[in-house]
Amino acid sequence: MQYLLMIYQNEAEYAKIDTGTSQKMSAEYEAFTQSIIRNGNFKAGDRLRPTTTATTVRVRDGKMLTTDGPFAETREQLGGYYLIEAKDLDAAIEIAARIPSARVGSIEVRPIWVYDK
Amino acid sequence: MTPGEIDKIFRDEAGRALATLIRLVGDFDLAEDALQDAFAVALERWAACEVPDNPRAWLVNVARHKAIDRVRRQAIFRGKQQVLLHEIELNAQTVDEPATMLDDDMLRLIFTCCHPAFAPEVRVALTLRTVCGLSTTQVARAFLVGEEAMAQRLVRAKQKIRLAGIPYEVPERDTLAPRLDGVLAVIYLVFTEGYVATEGADLMRPDLAAEAIRLGRLLDRLMPDRGGIKGLLALMLLHDARRAGRETAAGDIVLLEEQDRMLWDRGQIEEGLRLVEDALRVPGRPQPYAVQAAIAALHARAPSFEQTDWRQIAGLYEVLLRISPSPVIELNHAAALSMVDGPARALDLVDAISARGGLRGYELLPAVRADLLRRMGRKDEACEAYHAATAATQLEPLRRLYARRVREMDN
């Protein structure tokens, strides 16, 4: 099965961490990503720019509306994702728990909707 | 055979038959529907003639064919149909499996229903519905929620199993311990709701307590020599053994200190005591349920409330505080200590716990305070605490108990 692992973290707090911590985090992410590539779980993954760069788009009555900022104001913001292939939810949860941000933020694990051909 | 007798067989076999069917057909809903079909056939056939020697195998076999029929009828799955049919047929070659395989099916079902990806109330509902074979109506009644809401909850849970890929497996060795703790927590949740209901007119729901004990026995048989399981089963048996003494015919609470110990179920206490010893003998560090059961055992053994070994009970609570600390255990420890060192010392502890805010919203905190204040003769404060306790509970018999305490103090 495929799962999207969505990484939620408090941007404001993350912006405050010092360079050393941030470098350590990057190294941990690198190691984690390499490990899931090696195990064949990795499909895709990216880090997102902060929500200050976000634009939200809606179309209502044929008219497009754009707003500055994310879809919802929340305590933690979507900061990145991994798309993975895993045997089942237990395997996906096990991988999600190894994402470095799981220790400070939250990882939402969502199965990908696969359409039958 | 009468419909009543047939119903009993269904009730006994439903969980295990379903457990095997889910593995064979690979889908919760399909397995449940097919089993219902098989029950319908059985009801017709068994009423007229003999019940087969192995009703479960018969049910599984008939249900498997019904599942194949259902898949054939469901044209929407056309693409997957051949694959699924092939799988069911392939799996069927192993229907006459050794008993251990069938036991594993039951464990798979239990671990799936108690999966941490479900909210606790969903775990309990799924377990009662599928493992215990209660009807949706019965499960809804157990939680005092509407039948429709409960049906929805169960449908969503089963959808999640399928769509999110919750495995139908007993967890691997390295994750087994925490997952087993989760299963025990579900069983204990069912039991406590049966022992003291959260709300409503009745203090107890013996049917829920009985289901929890049944689950505990089942798990103990499937996974022998585990201190946590044996401890939990012992704890439930010992608590439940006091049932007849715990309320009056009118449904009023009889406190431990007032209970007629002749009404306690001695047979069940004996069984509980044996299990506590087994649980404590299992190597490794003591399991919290086993220690709680040891406390219950001291109560069960005591000839009277006054002659209870309170010192040892307080000591066991201290052990519990070391191995699984929680504000609730602290509160229980304080209550036990009040029987050794007096209510004043206990009140200090209780107030310290509540000052830390650890028990905010825990409804028994004001009740414990009230009881200590009453014993210290601080009437006004006790009354106030009883009023707080009354406001904190949704359970009618508890409200009547607090009202009685207030009346007794006025006299």
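The values are calculated or read from the model by the stated rules, or taken from the named source; none is laboratory data. In this text the structure is predicted, and so the values were computed from the model without any measurement. So basically every Cβ, Gly included, is an ideal-geometry build from the backbone, and we count neighbours across all protein chains shown.
Things worth noting here:
- For segment A:71-117, the candidate set comprises residues that are β-branched (Val, Ile, Thr), part of a loop (DSSP other than H, G, I, E, B) and out of contact with any Leu (no Cβ under 9 Å at 6 or more places or on another chain); within that set, the residue that is nearest to the other protein chains (Cβ to nearest Cβ) is A:Val114.
- Condition met for B:Leu395 (in contact with an Asp or Glu (Cβ under 7 Å, 6 or more places away or on another chain), outside the structural domain of B:Arg205 (by the TED database) and surrounded by fewer than 21 Cβ atoms within 10 Å (Cβ to Cβ)): yes
- A:Ile95 passes every criterion in (1) of a type in the set (A, V, I, L, M, F, W, C); (2) farther than 24 Å from A:Ile112 by Cα; (3) at pLDDT 95 or above apart from (2).
- Failed criterion for A:Lys16 (all others in (1) away from chain B (no Cβ under 14 Å); (2) at pLDDT 95 or above hold): (2)
- Single residue of B:Ala140, B:Ala40 found to be modelled with pLDDT of 85 or more, under 32 Å from the mean Cα position of the chain (by Cα) and either under 24 Å from B:Met204 (Cβ atoms) or not in a helix (DSSP H, G or I) (or both): B:Ala140
- From A:Thr52, A:Thr56, residue being in a helix (DSSP H, G or I), at negative phi and away from chain B (no Cβ under 14 Å): A:Thr52
- Members of segment B:166-175 that are within 12 Å of chain A (Cβ to nearest Cβ) and in a helix (DSSP H, G or I): B:Asp174, B:Thr175
- Of everything in segment A:61-70 that is part of a loop (DSSP other than H, G, I, E, B) and exposed (fewer than 14 other Cβ atoms within 10 Å of the Cβ), the residue that is nearest to the other protein chains (Cβ to nearest Cβ) is A:Gly69.
- Verdict on B:Arg73 being within 19 Å of B:Asp105 (Cβ to Cβ), more than 30 Å from the chain's Cα centre (by Cα) and basic (Lys, Arg): no
- For segment B:15-29, the set of residues classified as surrounded by fewer than 24 Cβ atoms within 10 Å (Cβ to Cβ) and more than 18 Å from B:Phe111 (Cβ to Cβ) consists of B:Asp29 only.
Results for (1) modelled with pLDDT under 95; (2) hydroxyl-bearing (Ser, Thr, Tyr), shown as yes or no for each residue.
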{"residue": "A:Asn39", "(1), (2)": "no, no"}
{"residue": "A:Asp46", "(1), (2)": "no, no"}
{"residue": "A:Ala54", "(1), (2)": "yes, no"}
{"residue": "A:Thr67", "(1), (2)": "yes, yes"}
{"residue": "A:Phe71", "(1), (2)": "yes, no"}
{"residue": "A:Gly80", "(1), (2)": "no, no"}
{"residue": "A:Leu83", "(1), (2)": "no, no"}
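- No other residue among B:Leu134, B:Leu163 is more than 11 Å from chain A (Cβ to nearest Cβ), surrounded by 13 or more Cβ atoms within 10 Å (Cβ to Cβ) and not small (Gly, Ala, Ser) apart from B:Leu134.
- Complete set of residues in segment B:195-213 that are under 18 Å from B:Ala293 (Cα atoms) and in a strand (DSSP E or B): none
- Annotation note: of B:Val328, B:Val350, B:Val319, the sole residue that is among the β-branched types (Val, Ile, Thr) and modelled with pLDDT of 95 or more is B:Val319.
- Boolean, B:Ala157 is touching a Lys or Arg at 6+ places or on another chain (Cβ under 7 Å) and either modelled with pLDDT of 90 or more or assigned to a helix (DSSP H, G or I) (or both): no
- Within segment B:13-28, considering residues that are in a helix (DSSP H, G or I) and either among the polar types (S, T, N, Q) or out of contact with any helix residue (DSSP H, G or I) (no Cβ under 6 Å at 6 or more places or on another chain) (or both), the one modelled with the highest pLDDT: B:Thr20
- Residue among B:Ala389, B:Ala370, B:Ala355, B:Ala385 that is under 21 Å from B:Val328 (Cα atoms) and surrounded by fewer than 18 Cβ atoms within 10 Å (Cβ to Cβ): B:Ala355
- Complete set of residues in segment B:374-411 that are over 19 Å from B:Gly200 (Cα atoms), touching a residue at least 24 places away in the same chain (Cβ under 8 Å) and charged (D, E, K, R): B:Arg374, B:Arg375, B:Lys379, B:Arg405
- Residue that is of a type in the set (Lys, Arg), away from chain B (no Cβ under 14 Å) and free of Cβ contacts under 8 Å to residues at least 24 places away in the same chain, where the choices are A:Lys43, A:Lys24: A:Lys24
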